[in-house]
1. How many residues does the stretch 132-156 contain that are surrounded by fewer than 23 Cβ atoms within 10 Å (Cβ to Cβ) and within 11 Å of the chain's Cα centre (by Cα)?
2. Among the residues of the stretch 154-171, which ones are closer than 12 Å to Phe92 by Cα and of a type in the set (Val, Ile, Thr)?
3. Among Val183, Val122, which is at negative phi, out of contact with any helix residue (DSSP H, G or I) (no Cβ under 6 Å at 6 or more places or on another chain) and β-branched (Val, Ile, Thr)?
4. Look through Leu138, Leu133 and report the one residue that is out of contact with any Asp or Glu (no Cβ under 9 Å at 6 or more places or on another chain), part of a helix (DSSP H, G or I) and under 27 Å from Ser28 (Cα atoms).
5. So which residues in the stretch 91-111 are exposed (fewer than 14 other Cβ atoms within 10 Å of the Cβ) and more than 16 Å from Leu162 (Cβ to Cβ)?
6. May I ask you to verify whether Phe56 is modelled with pLDDT of 90 or more and in a helix (DSSP H, G or I)?
7. Output yes when any residue across the stretch 115-125 is touching a Ser or Thr at 6+ places or on another chain (Cβ under 6 Å), among the hydroxyl-bearing types (Ser, Thr, Tyr) and over 18 Å from Gly164 (Cα atoms), and no when none is.
8. Sort through Gly71, Gly66 and tell me the only one that's surrounded by 14 or more Cβ atoms within 10 Å (Cβ to Cβ) and either within 15 Å of the chain's Cα centre (by Cα) or farther than 22 Å from Asn187 by Cα (or both).
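The values are calculated or read from the model by the stated rules, or taken from the named source; none is laboratory data. Here the structure is a predicted model, which means the values were calculated and not measured. Using ideal geometry, Cβ is built from the backbone for each residue, glycine included, and neighbour counts are taken over all protein chains shown.
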Amino acid sequence: MPAITRLVPTSPPASLDHPRLRWGLAGSFVGSLLLVGWSFVRFPPVEGPLERYLAFAVGGGGIVCGAIALGLWATHPRPQIAAIALRRGVWFGGLCAVLWIAYILGTHLALADADKPTVGRVLTLSLFGAEFLILVLLSGYTAWQTCDWWSGSQIGLWTGLLVGLLSFGTLLLLLYSQMGFLVQHMNSGELAAFAQSGRRDRMTWFFWEEEFAGSVGYFVPQLVLAAACGGLGVALGRAVAVVRPPVQPGSGP
């Protein structure tokens with residue numbers, strides 16, 4: 001097997017710190033706890049099963065805050081190669097987050113009620129597909145360029161964390177501020193489910209039964225699937241490195 005050389009010097013390793021990102025994640029940790037806690041003030045579940053909704057809140061909040069805590073740990077001073085992966089993951093994750101925020105606002109506020117089940121699904125799958133295709137290529141290129149396979153996986157983890165976190169916060173803030181509009185534009189399936197529930201408070205039902213789990217649903221698939229795509233990109237980068245190992249800087253014609 002051909003020897004693989006590194007493009008990024010590792011002797012001595014340069015440790016890079018990320019204080020602003022760490023402060024941002026710390027603020028997100030506190031903000032996520034406040035957002036989840038406020039749900040019981042804004043939409044008290046007086047008609048539904050309180051234990052179930054508490055489990056929703058504790059489970060969802062625990063998953064989000066646990067992932068943020070992992071991100072805080074990952075922002076401690078790292079070697080230069082890990083810093084490259086972190087920087088690319090944050091930039092790509094931020095770009096994808098902007099697209100997902102636009103998607104959340106557009107599908108909830110601008111999309112016609114009758115089109116939400118169909119057009120919304122097409123938009124969701126298209127965004128997921130484009131994001132993860134680019135993520136596989138970016139992770140594979142980084143793993144090939146740095147000859148460090150963990151760096152490619154880190155890009156997937158950072159992308160999933162940022163996109164999931166910002167989508168989670170955006171959806172909850174949207175629900176808290178625009179619930180009156182949203183319940184007036186429920187689609188036919190949601191209206192039928194509400195009628196079958198026998199509840200009287202449409203806002204509380206809509207928040208807990210339809211949307212809160214969906215807010216966590218943005219976070220978990222993003223984190224898991226982005227990490228998986230990062231791993232797939234690493235496998236691609238490893239395969240390319242075997243066929244055509246990276247060239248040392250300054251070599252060649």
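1. 0
2. Within the stretch 154-171, Ile155, Thr159, Val163 qualify.
3. Details: Val183 fails: out of contact with any helix residue (DSSP H, G or I) (no Cβ under 6 Å at 6 or more places or on another chain).
After applying the criteria, what remains is Val122.
4. Details: Leu133 fails: under 27 Å from Ser28 (Cα atoms).
Step by step, each of Leu138, Leu133 is checked, and only Leu138 is out of contact with any Asp or Glu (no Cβ under 9 Å at 6 or more places or on another chain), part of a helix (DSSP H, G or I) and under 27 Å from Ser28 (Cα atoms).
5. Within the stretch 91-111, Gly106, Leu109, Ala110 meet the criteria.
6. In short, no.
7. Step one: filter the stretch 115-125 for residues touching a Ser or Thr at 6+ places or on another chain (Cβ under 6 Å), giving 120.
Restricting the remaining residues to those that are among the hydroxyl-bearing types (Ser, Thr, Tyr) gives none.
No, every residue in the stretch 115-125 fails to be touching a Ser or Thr at 6+ places or on another chain (Cβ under 6 Å), among the hydroxyl-bearing types (Ser, Thr, Tyr) and over 18 Å from Gly164 (Cα atoms).
8. Values: Gly66 fails: surrounded by 14 or more Cβ atoms within 10 Å (Cβ to Cβ).
None of the others qualify; the one that does is Gly71.
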